[in-house]
Amino acid sequence: MKEKITVYEKPTCSKCREVDKILREAGADYEKINYYVQPLSQTKLTELLKKMSIPARDLLRTSEATYKDLGLAKAELSDKEIIALMVKHPELIQRPIVERGDKAVLGRPVENIRPLLK
């Protein structure tokens, strides 16, 4: 049996809704977690970044007011510091993040999730 898919999302996000539609149409077994209601821990966010093989900075939503207010574009921060900021300010996290077993992808563009469906 394949591992269940977990989608970390914000329900009002258009890309999150597109991913939900793809998963429903594929008949996938999945769970949705609204990370505004069930916040991601520093440990979980670190684990997801490792599974995605990307640095923390690549997961930042640069269009958010918080990103600008905190001066993150010019800030020299470690992955650990960026992760701590994303835990404190979940609006900084790109979404959706789709996880299955030892793999995870950012669902932007939504086609990124297709390899997880195999």
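We did not get these values from a lab; they are worked out from the coordinates using the rules stated. Source: prediction; values computed, not measured. Using ideal geometry, Cβ is built from the backbone for each residue, glycine included, and neighbour counts are taken over all protein chains shown.
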Relative counts (whole %) of C-alpha pair distances in the chain, using bins that are 5 Å wide: 2, 12, 23, 24, 19, 11, 5, 2, 1, 0
Across LYS21/LYS44; LYS10/LYS74; LYS21/LYS103, pairs whose alpha-carbon gap is larger than 22 Å: LYS21/LYS44; LYS10/LYS74
DSSP-assigned coil residues among GluC sites (Glu not before Pro) in region 46-118, each with at most 14 further Cβ atoms within 10 Å: GLU76
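Defining a contact as two alpha carbons under 8 Å apart and six or more residues distant in sequence, what relative contact order in percent does the chain show? The partial results should precede the final answer.
Details: 155 pairs, mean separation 42.1, N = 118.
The normalised contact order for the chain reaches 36 percent.
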Alpha-carbon centroids, region 46-80 and region 89-103: separation in whole Å: 12 Å
The chain: angle of helix 42-52 to the longest principal axis, Cα-based, in degrees nearest 10: 60 degrees
Cα long-axis angle, helix 14-25 against the chain (0 to 90 degrees, to the nearest 10): 20 degrees
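Dividing the convex hull volume of the Cα atoms of region 23-90 by its residue count, what figure in Å³ per residue is obtained?
In region 23-90, the Cα convex hull volume per residue is 117 Å³.
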